[in-house]
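Have a look at the structure below, then the notes.
Derivation of every value follows stated rules applied to the coordinates shown; laboratory data play no part. Bear in mind the structure is a predicted one, so any value in this text is a computation, not a measurement. A quick note on method: Cβ atoms are made from the backbone with ideal geometry, for glycine too, and the neighbour counts reach across all protein chains shown.
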Amino acid sequence: LAFLLSLAAASVVVGVHLFARGFRLLSRKRLIENTPTSTARAAAMGPVEIHGRAIGPYGLISPLSELDCYYYAASIWRQYEGPAQSAWEKVGEEVLCVPFFIADETGSILIDPRGAELDLPPMFDEEEQPYGSEMARHFVARHHAEGILKFKEVVIQPGDSLYVFGTLGNNHIANAMIGGSEFGETNTRVLSREAADLQRRMAFQMMRVEPPEGPLPDLSAESCDLNSSISLQKGDGRRSFVIAAHSERE
């Protein structure tokens, strides 16, 4: 009897959780459906969805896939024996970015990626420690990870085709470029041009690649105004903020 009561209680808790999650997803679905797709030039303050490609004045190098990017989220997972079978727990994560833009045929909008929900294919997804990469070894050492590990990394690269749904509001990303900034549930660090230049040069050194002479060249020849008064960002409260490599319908 006690077992049946416990099972019934657990079922109620799970049911409430699934109902709440389904309601949130339905609300987001309706919000996306009811928000017309905008162009960069015609975007108005408030909820905005836009399709375009990623551009930016400077970038980073991701630690696992070693790619030029504007944003990377790299994580380490350790295997452990759970109640029924082997499971994985996250033991380390880095989320690093620089300001970047979404551009279409009418112009571009500055993106503040802090707090975004990412729907991007992983560029690195391995269940073996990548001992061949010095950058990856440094990444593991920074998080003191040991045991049976797997790694995952998603990146936003120059020229990536993206769908972004968020809130167009006043630009606060410049203030976040001083020492990084916590936002939402993750600690997302936003690097200035000087900090990103240092990160790239250290990456070149670990990759044993000769860094370019003088200032790093822009990753985009197009105009990117980092002093823009507005940016596409996560809004107040529970407003959705999605950056995806898929279409609106997907």
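Results, tabulated for the structure shown:
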| read-out | value |
| --- | --- |
| Residues of segment 88-125 with amide N under 11 Å of the 7 Å Cα→Cβ point at Arg53 | 103-105 |
| Charge context of Leu191, other residues only, Cβ under 13 angstrom, K/R +1, D/E -1 | +2 |
| Label point distance in nm, Lys150-Leu120, each placed 7 Å from Cα along Cα→Cβ | 2.1 |
| Residue-count net charge about Ala87 - beta-carbon cut-off 13 Å; Lys, Arg +1, Asp, Glu -1 | +1 |
